[in-house]
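Student: Encoded as structure tokens, here's the structure I'll be asking about.
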Amino acid sequence: MDKRVNLLDLNHEELIRFFESLGEKPFRSNQLLGWIQRGVRDIGKMTDMPVILREALMQKASIGNLSLKEKRVSKIDGTIKYLFQLPDKEVIESVLMNYNHGYSVCISSQIGCRMGCLFCASTGIGFGRNLSKGEMLEQVMMIRDDIGRRIKNIVVMGIGEPLENYESLVGFLKAVNSPKIMNIGYRHITVSTCGLAPQIEKLSKEGMQINLSVSLHAPNDYIRTQIMPINKKYAIDNLIEACKIYTRATGRRVTFEYILISGLNDSKNDAGELSGRLKNLLCHVNLIPFNTVRGLKYRKSSLGKAAIFKAMLEKNKINATIRRELGSDIDAACGQLRRHVIKE
Ligand code: SAH
């Protein structure tokens, strides 16, 4: 096992201390970050550092530990799915999408997931471990360096429940936001959660204007509990209260993700009940056509039903859109990541 420190896991102060432990001055950390920012992570190429220092660094540290295992490009819309391998042989997935005149990267926050949502392909493959801050950061860097373009938006919506990996997530958000690292504004970063109410409240106090996306998928506890076990722990009203606190603290509207599943949560009544629940909340509802997952009994709602659902929300003054599907031919759409490893 590689015992070297992954420098991407350190924050600026820790990096300075790391250089001090090698008998070096703090400015070395700026040199190193400068290279990382320019897409160079090979310590041997950091020519403004003495050779002896570079050798010591290579012995004691690495700058990331992901390697590209596979890359699949969608023929429909150009979406790219990346599979990265970690030193412990685990594999994680990230997705690059091009929309709204910019590149967005969707990253994973854990290896597997233990939230157990019944409609998701990540359920049933088990949970490995949390990803470190550096492992999240490197997914974005690998993709940026692969396409050689600036990344405009980041969505933490891949495999895993980011708010269950809270400390690493916050470290990651600070790093991508830092002008010394990736310089991506908080307003261009979205974190998606299945609804860990206490962590939503905690995040509202971090002073970061992150977009919060909440996977709601049901208008009431009865339906939600059937498809999302987390609802037994944090009921809908509890969750919506945490969202209110979030909007008040950050001034950002919350997006509620709502997968339309035929016959389960897509009736007019459901739309009416949902409207009532979301009244007076600074929010937006993103209706997602259910993406087929092999082996699951759920089916996508018809386009007609989706349109009626949306119209009903709008009639009740709730802002709603129907999400465009990207990358469906390469299993890169929401809930489909790692689908190829699932046994039928
Ligand atoms: N744990 C986080 C992030 C990962 S899931 C969360 O729950 O939000 C990313 C998004 O994909 C969530 O909104 C999730 O509910 C949705 N999703 C999962 N399976 C899906 C499927 N089969 N079709 C469409 N969306 C799905």
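Nothing in this text is a laboratory measurement; each read-out follows from the coordinates by a stated rule. Keep in mind that what you see is a predicted model, and the values were worked out from it rather than measured. Please note: Cβ atoms are built from the backbone with ideal geometry, for glycine as well, and neighbour counts cover all protein chains shown.
Student: Would you list the P(r) distribution for the chain, with all Cα-Cα distances sorted into 20 Å bins from 0 and each bin expressed as a whole %?
Tutor: Histogramming the chain at 20 Å steps yields 30, 55, 14, 1 percent.
Student: Can you give me the relative contact order of the stretch 47-90 as a percent, contacts being Cα pairs under 8 Å and 6 or more apart? Before the final figure, lay out the partial values.
Tutor: Values: 31 pairs, mean separation 13.9, N = 44.
Here the relative contact order equals 32 percent.
Student: Would you grab the residues whose amide H sits under 5 Å from the one on residue 128? Only those 5+ places off in sequence or on another chain, please, with H modelled 1.01 Å from N.
Tutor: Here the answer is 111, 112, 113, since their amide H atoms fall under 5 Å of that of residue 128.
Student: Please list, or write none, the lysines whose alpha carbon is within less than 23 Å of the alpha carbon of residue 174, excluding same-chain residues fewer than 8 places away.
Tutor: Qualifying lysines at Cα under 23 Å: 133, 152, 202, 205.
Student: Moving to a separate point now. Identify all aspartates and glutamates with a Cα-Cα distance to residue 268 below 14 Å; exclude those on the same chain that are fewer than 8 residues away in sequence.
Tutor: Straight-distance partners of residue 268: 314.
Student: What value does the stretch 142-278 have for Rg/Rh, both radii from Cα atoms and Rh as Kirkwood defines it?
Tutor: Details: Rg = 16.3 Å, Rh = 16.1 Å.
Rounded to two decimals, Rg over Rh is 1.01.
Student: Could I ask something else about it? Can you put 281, 32 in order of Cβ neighbours within 10 angstrom, beginning with the fewest?
Tutor: Working: 281 16, 32 24.
Going from least to most buried by this count: 281, 32.
Student: Classify the stretch 82-130 as rounded, prolate or oblate from the Cα gyration tensor: take a ≥ b ≥ c as the square roots of its eigenvalues, call it rounded if a/c is under 1.5, otherwise prolate when a/b beats b/c and oblate if not. Write out the running numbers ahead of the final one.
Tutor: On the way: a/c = 3.08, a/b = 1.45, b/c = 2.13.
It comes out oblate by the Cα gyration axes.
Student: I need the Debye-formula profile for the stretch 5-94: one equal scatterer per C-alpha, no solvent, reported as log10 I(q)/I(0) at q = 0.18, 0.19, 0.20 1/Å, two decimals.
Tutor: -0.84, -0.90, -0.95
Student: Using the count of nearby Cβ atoms within 10 Å as a rough guide to exposure, how do 302, 168, 109 rank from fewest to most? Before the final figure, lay out the partial values.
Tutor: Working: 302 13, 168 20, 109 27.
Lowest to highest Cβ neighbour count: 302, 168, 109.
Student: Sticking with this one: Under 15 Å between alpha carbons, and skipping anything fewer than 8 positions from residue 3 in its own chain: which aspartates and glutamates qualify?
Tutor: Those aspartates and glutamates meeting the cut-off are 88.
Student: How high is the relative contact order of the chain, given as a whole-number percent (alpha carbon pairs under 8 Å, six or more residues apart)? Walk me through the numbers before you get to the answer.
Tutor: Details: 645 pairs, mean separation 50.1, N = 344.
Rounded, it is 15 percent for the chain.
Student: Which whole-number percentage describes the relative contact order of the stretch 106-265, with Cα contacts under 8 Å and a sequence gap of 6 or more? Could the numbers behind the result be given before it?
Tutor: Values: 264 pairs, mean separation 34.8, N = 160.
This gives 22 percent for the stretch 106-265.
Student: I want to make sure I understand the PRE zone here: with the label point 7 angstrom from the Cα of residue 314 toward its beta carbon, which residues in the stretch 279-307 have backbone N atoms less than 16 Å away?
Tutor: 284-288, 303-307
Student: Please work out the C-alpha center-to-center distance from the stretch 1-57 to the stretch 162-196 and express it in whole Å.
Tutor: When both Cα centres are located, 23 Å separates them.
Student: Then there is this: How large is the dipole of the chain about the Cα centre if only Lys and Arg carry +1 and Asp and Glu carry -1, each at its Cβ, rounded to the nearest 20 debye? Walk me through the numbers before you get to the answer.
Tutor: On the way: 51 positive and 35 negative charges, 147 e Å.
The dipole of the chain has a size of about 700 debye.
Student: Next question, about the same structure. Which of the three applies to the stretch 145-202, rounded, prolate or oblate, going by the alpha-carbon gyration tensor with a ≥ b ≥ c and a/c under 1.5 meaning rounded? Don't skip to the end; give the middle numbers.
Tutor: Values: a/c = 2.34, a/b = 1.77, b/c = 1.32.
It is prolate, given that a/c is not under 1.5 and a/b is the larger ratio.
Student: Right, something else. Given H placed on each backbone N at 1.01 Å, which residues far from residue 5 in sequence or on other chains put an amide H within less than 5 Å of it?
Tutor: When sequence neighbours closer than 5 places are left aside, the close amide H contacts are 61, 62.
Student: Kindly provide the helix-only [θ] at 222 nm of the chain, computed as the sum of -39,500 (n - 2.57) over DSSP H runs of four or more divided by all residues, to the nearest 500 deg cm²/dmol?
Tutor: The helix-only estimate for the chain comes to -10000 deg cm²/dmol at 222 nm.
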